[in-house]
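Taking it in order: structure first as structure tokens, then the write-up.
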Amino acid sequence: MARTNTRQKREFREQMKALWRAENRPCARDGQPIDWDAPANTRDAFELGHILPVKTHPHLELDPNNVQPEHHRCNRHAGASTSTAASTGITSEVW
Ligand SMILES: [Zn+2]
């Protein structure tokens, strides 16, 4: 099991949020204002978005140049594309 420093991640996220909040930065995906006080995991709430996905670029997860402010709803939408192609393997065993 890889050791994921969740505390470090949370602190990074809070740092970036505070920075963007001070600048009142809009969502990077739709350009709409973010509700900085919205409870986490609600549609208009802030979400830390990654320009290059962490999945493929794990070393850039805490890189300030690889993150952008996003709405929770926009972030969710982007991540929804991870559809594990259900391989309907038609195993035709012809002997
Ligand atoms: Zn958005």
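Please give the per residue accessible area of region 6-83, computed with a probe of 1.4 Å over protein heavy atoms only, in Å².
Result: 67 Å² per residue.
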Check: Rounded, prolate or oblate: which fits region 6-83, taking a ≥ b ≥ c as square roots of the Cα gyration tensor eigenvalues, rounded meaning a/c under 1.5, else prolate when a/b beats b/c?
Finding: oblate
Next item on the list: Enumerate the amide H contacts of CYS27 below 5 Å, restricted to partners 5 or more residues apart or on another chain; note that Pro and chain-start residues carry no placed amide H.
Entry: GLN32, ILE34
Note to self: Placing unit charges on C-beta atoms (Lys and Arg positive, Asp and Glu negative, everything else neutral), compute the dipole magnitude of region 6-83 about its Cα centre in debye, rounded to 20.
What the structure shows: 200
Checklist line | Fraction of accessible area attributable to carbon and sulfur, region 12-84 (%, probe 1.4 Å) | finding: 50
Item checked: Cut-off under 5 Å, modelled amide H: who pairs with VAL67 long-range -> ILE51
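The values are calculated or read from the model by the stated rules, or taken from the named source; none is laboratory data. Because the structure is predicted, anything quoted here is derived from the model rather than measured. Here Cβ is always computed from backbone atoms with ideal geometry, including for glycine, and neighbour counts include all displayed protein chains. Just so you know, the surface numbers come from the protein's heavy atoms only, side chains and all, with ligands and any DNA or RNA stripped out. Shrake-Rupley method; radii C 1.70, N 1.55, O 1.52, S 1.80 Å.
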